[in-house]
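Down below is the structure, laid out as structure tokens.
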């Protein structure tokens with residue numbers, strides 16, 4: 001590769017859904033990208049691509065990383081292995097690659113599977129994005145954390161005992177990836193006397209968002225849904 | 001107020017420091033604002049204002065909320081009471097007011113003190129921003145959370161026992177507002193055998209940022225500094 005500079009692997013957070021919640025930096029970098037990669041479901045549209053659709057140049061080469069969303073198992077590493085190879089080819093040739101990431105690249109994202117394979121070989125730049133936590137608190141219109149609150153973020157698939165213990169030890173709690181776990185989590189929070197302190201949000205910042213007290217949540221939840229609980233003293237109410 | 005529509009109180013996250021990490025929405029709303037409020041220290045520049053300085057219209061009325069940063073006590077409520085009154089006057093007259101918030105408005109911010117006083121009387125819109133957590137992970141170039149990790153965010157002023165217990169129960173930990181607590185936190189993490197898994201970041205995304213392993217952190221830390229600890233299995237390294 002004498003005389004050739006490597007391209008940069010760019011992990012770009014595109015925010016929680018509303019294209020206007022992209023950062024100026026994400027917008028600038030995507031708008032001049034020559035190669036754009038993103039996760040995509042095996043049927044339907046890529047959520048990350050949809051957020052940035054108005055910015056991706058028509059001339060850009062697109063690399064969808066198609067992973068089955070059916071089971072809640074962790075993404076097929078074979079898909080990321082192949083995508084990493086293809087991306088490495090571009091980086092070796094000196095072309096930057098923009099990887100679009102829902103929310104923030106390093107906040108529960110699949111970007112880490114590319115990062116793991118490429119970060120030691122190529123320059124990397126991470127562009128942080130607005131994460132779903134802050135987006136959900138914004139549409140719920142309730143502060144997430146105040147003063148010296150402890151905030152704990154819990155993935156819903158954890159077992160009840162693990163959830164209970166950590167909810168007890170925090171003032172503010174976010175339960176992510178609620179999806180099919182909704183009935184179980186509702187029962188758990190009800191048993192802890194926390195239902196009245198919990199809000200439910202799905203598809204925050206998108207047109208079709210749903211926001212309500214947990215008690216009024218629908219029977220079934222999509223994967224992109226969250227429960228926010230505030231157990232601390234409400235400093236903004238006193 | 002017959003025939004007059006209220007203005008909207010807008011809590012606008014301006015991100016962690018780099019003006020390019022403002023969202024497109026924050027940029028748009030600030031660029032047409034007629035009244036702009038922001039927290040400011042009793043000496044020196046307002047950090048939130050500095051981030052948005054290139055966007056605030058010259059014609060905008062500015063409302064600095066000057067709070068002493070010297071002690072770590074909670075902000076003087078008198079300042080927010082007076083600011084809320086002045087802002088309420090604009091909202092009653094039908095003028096929107098943009099409140100600039102470092103990071104995200106509902107993530108450990110002082111915006112809640114205005115929100116508490118005004119949210120029941122006036123329409124509110126919250127524009128989420130990139131928070132310091134995601135900004136720090138980006139400059140550290142290490143994923144914050146993976147898969148089903150538990151993430152806990154801890155304010156450094158908490159006592160050692162409270163910190164230790166919560167660090168033990170999480171895979172990923174962020175310790176915020178490190179400042180003068182740095183020596184104590186270092187000793188605590190050292191005693192827990194976690195120093196090698198901890199990164200130190202100050203002023204993330206600004207030109208003058210400092211990023212290093214905790215072992216190489218400086219002796220003294222500014223208020224806007226953070227320690228990130230990853231205790232989980234490193235899925236991105238396997």
Can you tell me, using C-alpha contacts under 8 Å and at least 6 residues apart, the relative contact order of segment B:89-218 as a whole percent? 18 percent
Proxy reagent accessibility, fewest Cβ within 10 Å first, across B:43, B:132, A:205: B:43, A:205, B:132
For a quick check, take a GNM of chain A with Cα springs below 10 Å and name the residue from A:84, A:48, A:204 with the largest mean-square fluctuation. A:84
Relative contact order (percent) for chain B, with alpha-carbon contacts under 8 angstrom and 6 or more residues of separation? 21 percent
Please tell me the relative contact order of segment A:9-127 in percent, rounded to the nearest whole number, where contacts are Cα pairs under 8 Å and at least six residues apart. 41 percent
For the protein assembly as shown, what is the percent of antiparallel DSSP beta bridges, rounded to the nearest 5? 40 percent
Rounded to 5, percent antiparallel among DSSP beta bridges of segment B:9-127: 5 percent
With only alpha-carbon atoms in the gyration tensor, what are the semi-axes of the equivalent ellipsoid for segment B:113-155, in Å, largest first? 32, 13, 10
Percent of Cα-Cα pairs more than 15 Å apart in segment B:38-129, please. 61 percent
One would report the antiparallel percent of DSSP beta bridges in segment A:111-223, rounded to the nearest 5, as 45 percent
For every helix of n ≥ 4 consecutive DSSP H residues, a contribution of -39,500 (n - 2.57) applies; sum these over chain B, divide by its total residues, and give [θ] at 222 nm rounded to the nearest 500 deg cm²/dmol. -8000 deg cm²/dmol
Given the options B:193, B:94, B:109, which has the most mean-square fluctuation in a GNM of chain B, springs set between C-alpha atoms less than 10 angstrom apart? B:193
Ratio of Rg to Rh for segment A:132-237, alpha carbon only, Kirkwood? 0.93
Among A:128, A:183, A:39, determine the one that fluctuates most according to a GNM of chain A built with springs between C-alpha atoms less than 10 Å apart. A:183
Report, to the nearest 10°, how far helix B:182-191 tilts away from the longest principal axis of the Cα atoms in chain B, using its own Cα long axis and a range of 0 to 90°. 40 degrees
To the nearest µm²/s, what D does Stokes-Einstein give for the protein assembly as shown at 25 °C and 0.890 mPa s, using the Kirkwood radius over alpha carbon pairs as Rh? 107 µm²/s
One checks the Cα atoms of segment B:32-189 and finds Rg and Dmax, in Å, of 18.2, 54
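Every number here is computed from the coordinates shown, using simple stated rules; none is lab data. Source: prediction; values computed, not measured. Cβ coordinates were reconstructed from backbone atoms using ideal geometry, including for glycine residues, and neighbour counts include every protein chain displayed.
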